[in-house]
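Novice: Shown below is the structure under consideration.
Nothing in this text is a laboratory measurement; each read-out follows from the coordinates by a stated rule. Being a predicted model, the structure only gives us computed values, none of them experimental. All Cβ positions, even for glycine, are placed from backbone atoms using ideal geometry, and neighbour counts span all protein chains on display.
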Protein chains: 2
Amino acid sequence: MLQKYQSLVHSTIPLTQYMKWSILTLSEFEITTSTQLAPNINVHGTGFAGSIYAAAMATGWTLLKCWYDQHHYNTELVAAEANIKYFKPVNENFTCQASLSSDSEQYQKLVKRLDNNKSCGFKQKVELLCNGEVCAKLTVSFVFKCS
Amino acid sequence: MLQKYQSLVHSTIPLTQYMKWSILTLSEFEITTSTQLAPNINVHGTGFAGSIYAAAMATGWTLLKCWYDQHHYNTELVAAEANIKYFKPVNENFTCQASLSSDSEQYQKLVKRLDNNKSCGFKQKVELLCNGEVCAKLTVSFVFKCS
């Protein structure tokens, strides 16, 4: 499954290849990705804010794509809005982590709406870690679009 | 001046080269950049949310970097937080625009603080246009850090 989504993301979002973004672990409820610092530096030699965002966005998108594929939902996933907070400079290769909690209210609402082929918004959080510390947090307001 | 900042950004933020991001016009108060769609597509063949963000971020950063260089401020510019709203899919090469208004309250506060070598927050808006329509709006909370 990991290889399938790795290939899908690299072939359809070529920026992720250049960024040396790759999937470390993937299930329908959890993802961890790795990104190399070198292609993603800024003028200070630390992680470029745009790269950090893009790595986290690709991570969140891949988790939700994997999840809805597993559930055989006929939907499209688009980003409507996002907020990112930068806490510390990223000065090494870094990881991004995201998970889905099937207990949450928004998860249960999502399942109900997709079961009825209705579009639904969904907020996904992604954490970026470097040297064991959380350096950035992304929250994306995705929309699952059903037609 | 345009060539100087074009070279600076391409050499220090290599992602912008891969993205085919370039500066069209630049003054200390206004910037327009152009980004090619091809290296920045997603699974739908439209602009990847991460690329759109990165192009807009590089645009806002370059304007403020140019501005503080012109004013000879001894400061560093870092992103603390950002919000982006996606309105429409980006299906062609696109431009990003940002400007500074010297009349605004936050501009006048910024000048006062930097004149006294004091750090200061600053919110910069960047608009992304494609086919004459605004497709995304980024607002970055930057910090000018003085030491």
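Novice: Inspect the range A:1-13 for any residue being of a type in the set (S, T, N, Q) and in contact (Cβ under 8 Å) with a residue 24 or more places away in the chain and give the result as yes or no.
Specialist: The answer is no, given that none of the residues of the range A:1-13 is of a type in the set (S, T, N, Q) and in contact (Cβ under 8 Å) with a residue 24 or more places away in the chain.
Novice: Give the range A:130-145 a look and list any residue that's crowded, with 16+ Cβ neighbours inside 10 Å and either free of Cβ contacts under 8 Å to residues at least 60 places away in the same chain or not in a strand (DSSP E or B) (or both), or say none.
Specialist: Passing the criteria: A:K137, A:T139.
Novice: Can you tell me which residue among A:W67, A:W61 is away from chain B (no Cβ under 14 Å), among the hydrophobic types (A, V, I, L, M, F, W, C) and not in a strand (DSSP E or B)? First the steps, then the outcome.
Specialist: On the way: A:W61 fails: away from chain B (no Cβ under 14 Å).
Going through A:W67, A:W61 in turn, just one is away from chain B (no Cβ under 14 Å), among the hydrophobic types (A, V, I, L, M, F, W, C) and not in a strand (DSSP E or B): A:W67.
Novice: I'm trying to understand the selection: among the residues of the range A:25-55, which are buried (at least 24 other Cβ atoms within 10 Å of the Cβ), at the interface with another protein chain (Cβ under 8 Å from one of its Cβ atoms) and either charged (D, E, K, R) or closer than 22 Å to B:N42 by Cα (or both)?
Specialist: A:N40, A:F48, A:A49, A:G50, A:S51, A:Y53, A:A54, A:A55
Novice: Answer with yes or no whether A:K85 is assigned to a helix (DSSP H, G or I), touching a strand residue (DSSP E or B) at 6+ places or on another chain (Cβ under 7 Å), within 14 Å of another protein chain (Cβ to nearest Cβ) and basic (K, R).
Specialist: Details: assigned to a helix (DSSP H, G or I): no; touching a strand residue (DSSP E or B) at 6+ places or on another chain (Cβ under 7 Å): yes; within 14 Å of another protein chain (Cβ to nearest Cβ): yes; basic (K, R): yes.
It is false that A:K85 is assigned to a helix (DSSP H, G or I), touching a strand residue (DSSP E or B) at 6+ places or on another chain (Cβ under 7 Å), within 14 Å of another protein chain (Cβ to nearest Cβ) and basic (K, R).
Novice: Taking the criterion of being among the aromatic types (F, W, Y) and closer than 24 Å to A:N131 by Cβ, would at least one residue in the range A:45-67 satisfy it? Give the derivation first.
Specialist: Quick first cut of the range A:45-67, residues among the aromatic types (F, W, Y) only: A:48, A:53, A:61, A:67.
Now narrow it down to the ones that are closer than 24 Å to A:N131 by Cβ: A:48, A:53.
Checked the range A:45-67: at least one residue is among the aromatic types (F, W, Y) and closer than 24 Å to A:N131 by Cβ.
Novice: Sticking with this one: Could you say which residue among B:V126, B:V143, B:V90, B:V134 is away from chain A (no Cβ under 14 Å), within 29 Å of A:F142 (Cβ to Cβ) and out of contact with any His (no Cβ under 9 Å at 6 or more places or on another chain)?
Specialist: It is B:V134.
Yes or no, residue by residue, for (1) in contact with a helix residue (DSSP H, G or I) (Cβ under 7 Å, 6 or more places away or on another chain); (2) in contact (Cβ under 8 Å) with a residue 60 or more places away in the chain; (3) not in a strand (DSSP E or B):
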site: A:P39; (1), (2), (3): yes, no, yes
site: A:H44; (1), (2), (3): no, no, yes
site: A:I52; (1), (2), (3): no, yes, yes
site: A:Q108; (1), (2), (3): no, no, yes
site: A:V111; (1), (2), (3): no, no, yes
site: A:N117; (1), (2), (3): no, no, yes
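Novice: Out of the range B:35-76, which residues are among the aliphatic types (A, V, I, L, M) and more than 12 Å from the chain's Cα centre (by Cα)?
Specialist: Answer for the range B:35-76, where residues must be among the aliphatic types (A, V, I, L, M) and more than 12 Å from the chain's Cα centre (by Cα): B:L37, B:A38, B:I41, B:V43, B:A49.
Novice: In the range B:1-37, which residues are closer than 20 Å to B:E127 by Cβ and not in a strand (DSSP E or B)? Quick ask: steps written out before the conclusion?
Specialist: Step one: of the range B:1-37, the residues closer than 20 Å to B:E127 by Cβ are B:2, B:5, B:9, B:16, B:19-37.
Hits for the range B:1-37 are B:L2, B:Y5, B:V9, B:T16, B:M19, B:K20, B:E28, B:F29, B:Q36, B:L37.
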